[in-house]
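Enquirer: To start, I am sharing the structure in question, which I have written as structure tokens.
The values are calculated or read from the model by the stated rules, or taken from the named source; none is laboratory data. Everything quoted here is computed from the prediction, not taken from an experiment. A quick note on method: Cβ atoms are made from the backbone with ideal geometry, for glycine too, and the neighbour counts reach across all protein chains shown. Remember, those area values only see protein heavy atoms, side chains included, never the ligands or the DNA or RNA. Shrake-Rupley method; radii C 1.70, N 1.55, O 1.52, S 1.80 Å.
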Amino acid sequence: MPRRGLEETPDMLNRRAFLRDGAFALVSLGFAPSFLQRTVAAAGPRSRDKRLIAIFQRGAVDGLSVIVPYGEAEYHRLRPTIALGRPRTTADGVLDMDGFFGFNPRLSPLAPIWRRGDLAVVHACGSPDSTRSHFDAQDYMETATPGVKSTPDGWLNRYLQVRHAERESAFRAVALTPQMPRMLQGRASAVAMSQIAQFGLRSESMNEGFEAQYAAAADRVLNGTGREAFDAMKTLKSADPSRYQPENGAAYPQSAFGQALKQIAQLSKADVGLEVAFAELGGWDTHVNQGSSQG
Amino acid sequence: MLAIALASAGVIHPGAAGKDPDSNVALHVLNRVTFGPRPGDLARIQQLGVDRFIDQQLHPERIDDSEVTRRLDGFQTLHLSSSDIAQRYEIPALQERRERQRQQTAAGKPADPPSPPDAAMDPERQRANLPMIELAEQKIVRAVYSDRQLQEVLTDFWFNHFNVDARKGPARYMLTEYERDVIRPHVLGHFRDLLGATAKSPAMLFYLDNWMSADPKGPHLDRARPGMRRFGTGSGQARAGRPLPSAPANPQQARRPMGLNENYGRELLELHTLGVDGGYTQKDVTEVARAFTGWTIENPRRGGGFRFAPALHDDGEKVVLGHRIKAGGGERDGEDVLDIIAAQPSTARFISTKLARRFVSDNPPDALVNQMASTFRKTDGDLRAVMTVLLTSKEFLSPEVERVKIKNPFEFVVSSLRATGASIEDARPLVRAMQQLGMPLYQCQPPTGYKDSADTWVNTGALVNRMNVALTLTSGRTPGVTVPVTTDPATLVGGNVSDTTRSTIAKAQSGPQAMALALGSPEFQRR
């Protein structure tokens, strides 16, 4: 059965383990993970083109426990039990950012990036639609059309549709997920794969036969797409992204999400024309059993 | 178009069909009316006659379907009501989880215990998932083995038209009943009956939020209403891990007024009936939504049925598409709306276009759509009459539309299984293959359903995946599925085969590889 969709995953665990490991990314609030920043920054002149890495933390994080408005008296009055302490007042006090906002202490790895000025936070921004359904709320986040369910494509795909392609590449947009996320569904072509190595035929001896069939096909659509597919397989094989190993001390967690990020970095370095990448992490659903500094 | 292109390139070769125009027509009919020809089907339809075959398929009740009944014998949940499924599968799993959490909390452990890495093996979860697993399996088994093929094609079509995603909260245990009792019985009945059945189905009421839509001025505002709670999580992943909600955790939520929810009203007009250009306004959407206030679910957490709740209903006058619905109509308001919109010419046209797109071509000929729409109107939406017009039309039987449709992933997988005469002992690996192919069964997120056009399904990643599914299937690496070796693999393609495809198949190193090359070929991606 469609396992991922229908079973609960141990996602609260994922989230906690991920916080504990200190590797943390929150694009919806403007974060990029430190190890990814380091690897991308170190990738050299090949990688000057800007890339957008969209990370969807599925669920609903409480932004006030991530970036805490500790300087606001109302915050403490309205959250008598789950408010985080002011900086340096308690063991779980926030890490000051600007005298008013502070990081959740579990986000300490981000503090130096913030101090360097390489991090921006867009606070208190979310969907204006007040649906009680997390399903619909996430759907709206991905289509970026709150309140309109029938939007056929996702915002990231629409971005690709209007953005000038830097070059023709099957790997212009890649989701490191088993299925194409709603965000990336649409007219612009994109590839979804949970492992880079999956983009290829399971039996390489079959490449020649299939490639010949599609190259000779009178069917224009399948002929064109077939050629692209085999070109892409060759590109990926010769670029061999797996030969790029983390540099600058980056240690990717072994979780599916950590490995997705690692592969995004590898695709970046392999210079296969990546412009947009997508990864996701479940478990950002904090309204039940919500704590404060432990999430 | 393909046939013409091949002819001009001078590469037409007799495959299973050959140059015999009759066999090409027969194959075309099998490709569209069924999920693809099985070994022997071509001979059978030619012996019977294409016209008689079509007539037979239009009357599924006359076709013996005991083979598929037998194959579905061992399934435990297909005959259960939503309420039984909730009682036997959903609620026990949730209670067990709640109890475990309670004990762990009492023992001072974290509320969310580490789960085993292989969560799929958690028996509690497996049990709760059984209804959805079986539902997806039966879809494949029916599509492959049922002799009532048109009924299965149409059940797929109409479920997709009235799409509900299993991942939205309790919808997942409502879908067995939804497909079985709401969709399948009506696919060759009257459109109004099908529409009415979906409108009152808990699955649709839940999926498009109508169950919680209320007259904002109504008397219900100060009442705590059982079952009206915050539901589920987005991807459906964390939902079952939580205890059954008792009361809203946040007092603000408890006081939050119930409002008018227009989601069902909007999709009803845009997707189910009139179509986006069907001539309605936002005002109509609001009026329709007002008419449906109070159409709710008895107890959504427990698989309850439709209930009309007068306290939620806006009993004022409504005007829908210029038709006045008098004040005080109560539950009847919704039925009046369905009567009005089912009779609109744009509905006849929208439904006819969509059916013609499925059976004829991505851009179906106007003349055919007009003829179907006119029959739709004359017969008050008799879908069998509309389908008869479609399947006996010259546009449908024209050689020009042979193989112009790209198979969607489901059609690709099922037609592969049928072409090879595969024997399915366990359909779960096939259900997983549908995920890999980007078309997870019963999990299409938007209410639009999956799109029925070539551009949706043709892209580099999708083609690679299809070739891989062909390889896995024919090499015996799909556990639970046995694919017998075919003596003449080029016949699997069904119909004309290009020189190149034929020669790559001939040069294959083994029987299974030759079969993979047939199923993964460009020709086989079309129907």
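Enquirer: With the condition kept exactly as written, say whether any residue in segment A:208-224 is touching a residue at least 24 places away in the same chain (Cβ under 8 Å) and not aliphatic (A, V, I, L, M).
Expert: Of all residues in segment A:208-224, those touching a residue at least 24 places away in the same chain (Cβ under 8 Å) come to none.
Looking through segment A:208-224, none of the residues is touching a residue at least 24 places away in the same chain (Cβ under 8 Å) and not aliphatic (A, V, I, L, M).
Enquirer: Can you pull out the residues in segment A:28-77 that are touching a Lys or Arg at 6+ places or on another chain (Cβ under 6 Å) and either in a helix (DSSP H, G or I) or at pLDDT below 70 (or both)? Break it down into steps so the answer makes sense when it comes.
Expert: First, pick out the residues of segment A:28-77 that are touching a Lys or Arg at 6+ places or on another chain (Cβ under 6 Å): A:43, A:70.
Answer for segment A:28-77, where residues must be touching a Lys or Arg at 6+ places or on another chain (Cβ under 6 Å) and either in a helix (DSSP H, G or I) or at pLDDT below 70 (or both): just A:Ala43.
Enquirer: If we keep just the residues of segment B:52-101 that are hydroxyl-bearing (Ser, Thr, Tyr) and assigned to a helix (DSSP H, G or I), which is nearest to B:Leu130 (Cα to Cα)?
Expert: Of the residues in segment B:52-101, the ones hydroxyl-bearing (Ser, Thr, Tyr) are B:66, B:69, B:77, B:81-83, B:89.
Those left that are additionally assigned to a helix (DSSP H, G or I): B:66, B:69, B:82-83, B:89.
Numbers: B:Ser66: 24, B:Thr69: 19, B:Ser82: 13, B:Ser83: 15, B:Tyr89: 8 Å.
Restricting to residues being hydroxyl-bearing (Ser, Thr, Tyr) and assigned to a helix (DSSP H, G or I), the top hit is B:Tyr89.
Enquirer: Still on this structure: Scan segment A:190-243 residue by residue and report those that are among the charged types (D, E, K, R) and over 25 Å from B:Gly476 (Cβ atoms).
Expert: From segment A:190-243, those among the charged types (D, E, K, R) are A:202, A:204, A:208, A:211, A:219-220, A:227-228, A:231, A:234, A:237, A:240, A:243; that's our starting set.
Selection gives A:Asp219, A:Arg220, A:Arg227, A:Glu228, A:Asp231, A:Lys234, A:Lys237, A:Asp240, A:Arg243.
Enquirer: Which of the numbered conditions does A:Leu156 fail, given that it passes all the others? Conditions: (1) open to solvent by 10 Å² or more (accessible area, probe 1.4 Å); (2) in contact with a helix residue (DSSP H, G or I) (Cβ under 8 Å, 6 or more places away or on another chain).
Expert: (1)
Enquirer: Among the numbered criteria (1) surrounded by fewer than 22 Cβ atoms within 10 Å (Cβ to Cβ); (2) within 17 Å of B:Phe306 (Cβ to Cβ), which single criterion is violated by B:Tyr173?
Expert: Every condition holds for B:Tyr173 apart from (1).
Enquirer: Grab the helices (runs of 4 or more DSSP H) fully contained in segment A:78-179, keeping just those with 1 or more residues being among the hydrophobic types (A, V, I, L, M, F, W, C) and within 14 Å of chain B (Cβ to nearest Cβ).
Expert: Values: elements: A:111-116, A:134-143, A:155-162.
Output list reads A:134-143, A:155-162.
Enquirer: Would it be correct to say that A:Arg243 is of a type in the set (D, E, K, R), open to solvent by less than 50 Å² (accessible area, probe 1.4 Å) and more than 8 Å from chain B (Cβ to nearest Cβ)?
Expert: Details: of a type in the set (D, E, K, R): yes; open to solvent by less than 50 Å² (accessible area, probe 1.4 Å): no; more than 8 Å from chain B (Cβ to nearest Cβ): yes.
Judged against the criteria, A:Arg243 is not a match.
Enquirer: Specify which of the listed residues (B:Ser361, B:Ser346, B:Ser415) is in a loop (DSSP other than H, G, I, E, B) and of a type in the set (Ser, Thr, Tyr). I'd like the intermediate steps shown before the answer.
Expert: Working: B:Ser346 fails: in a loop (DSSP other than H, G, I, E, B); B:Ser415 fails: in a loop (DSSP other than H, G, I, E, B).
It is B:Ser361.
Enquirer: Does B:Ala422 qualify as being more than 28 Å from B:Gly74 (Cα to Cα) and either more than 7 Å from chain A (Cβ to nearest Cβ) or surrounded by fewer than 24 Cβ atoms within 10 Å (Cβ to Cβ) (or both)? Break it down into steps so the answer makes sense when it comes.
Expert: On the way: more than 28 Å from B:Gly74 (Cα to Cα): no; either more than 7 Å from chain A (Cβ to nearest Cβ) or surrounded by fewer than 24 Cβ atoms within 10 Å (Cβ to Cβ) (or both): yes.
Considered against the rule, which asks whether it is more than 28 Å from B:Gly74 (Cα to Cα) and either more than 7 Å from chain A (Cβ to nearest Cβ) or surrounded by fewer than 24 Cβ atoms within 10 Å (Cβ to Cβ) (or both), B:Ala422 comes out as no.
Enquirer: Tell me, yes or no, whether segment B:306-316 has at least one residue that is open to solvent by less than 10 Å² (accessible area, probe 1.4 Å), within 17 Å of B:Ser346 (Cβ to Cβ) and either free of Cβ contacts under 8 Å to residues at least 40 places away in the same chain or assigned to a loop (DSSP other than H, G, I, E, B) (or both).
Expert: No, segment B:306-316 contains no residue that is open to solvent by less than 10 Å² (accessible area, probe 1.4 Å), within 17 Å of B:Ser346 (Cβ to Cβ) and either free of Cβ contacts under 8 Å to residues at least 40 places away in the same chain or assigned to a loop (DSSP other than H, G, I, E, B) (or both).
Enquirer: Could you please give the count of residues in segment B:359-383 that are within 17 Å of B:Phe157 (Cβ to Cβ) and surrounded by fewer than 21 Cβ atoms within 10 Å (Cβ to Cβ)?
Expert: Number satisfying all stated conditions: 3.
Enquirer: Going by what's in this entry, would B:Ser374 be described as within 18 Å of B:Pro522 (Cα to Cα) and among the small types (Gly, Ala, Ser)? Reasoning before the result, please.
Expert: Values: within 18 Å of B:Pro522 (Cα to Cα): no; among the small types (Gly, Ala, Ser): yes.
No: the conditions fail for B:Ser374.
Enquirer: Would you be able to tell me the number of residues in segment A:263-281 that are in a helix (DSSP H, G or I) and not β-branched (Val, Ile, Thr)?
Expert: Quick first cut of segment A:263-281, residues in a helix (DSSP H, G or I) only: A:263-270.
Applying the additional criterion that residues be not β-branched (Val, Ile, Thr) yields A:263, A:265-270.
Summing the residues that are in a helix (DSSP H, G or I) and not β-branched (Val, Ile, Thr) in segment A:263-281 gives 7.
Enquirer: Quick one: count up the residues across segment B:390-406 that are surrounded by 20 or more Cβ atoms within 10 Å (Cβ to Cβ), part of a loop (DSSP other than H, G, I, E, B) and touching a helix residue (DSSP H, G or I) at 6+ places or on another chain (Cβ under 6 Å).
Expert: 2
Enquirer: Being at the interface with another protein chain (Cβ under 7 Å from one of its Cβ atoms), closer than 13 Å to B:Asn465 by Cα and open to solvent by 40 Å² or more (accessible area, probe 1.4 Å) is the filter here; which residues of segment A:181-214 pass it?
Expert: Across segment A:181-214, the qualifying residue is only A:Arg202.
One line per residue, one yes/no per condition, for (1) on the phi > 0 side of the Ramachandran plot; (2) at pLDDT 95 or above; (3) surrounded by fewer than 22 Cβ atoms within 10 Å (Cβ to Cβ):
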site	(1), (2), (3)
B:Asp455	no, no, yes
B:Ala462	no, no, no
B:Met467	no, yes, no
B:Thr474	no, yes, no
B:Pro479	no, no, yes
B:Ala508	no, yes, yes
B:Met515	no, yes, no
B:Leu519	no, yes, no
B:Phe524	no, yes, no
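Enquirer: In this structure, is B:Gly294 buried (at least 22 other Cβ atoms within 10 Å of the Cβ) and modelled with pLDDT of 95 or more?
Expert: It is true that B:Gly294 is buried (at least 22 other Cβ atoms within 10 Å of the Cβ) and modelled with pLDDT of 95 or more.
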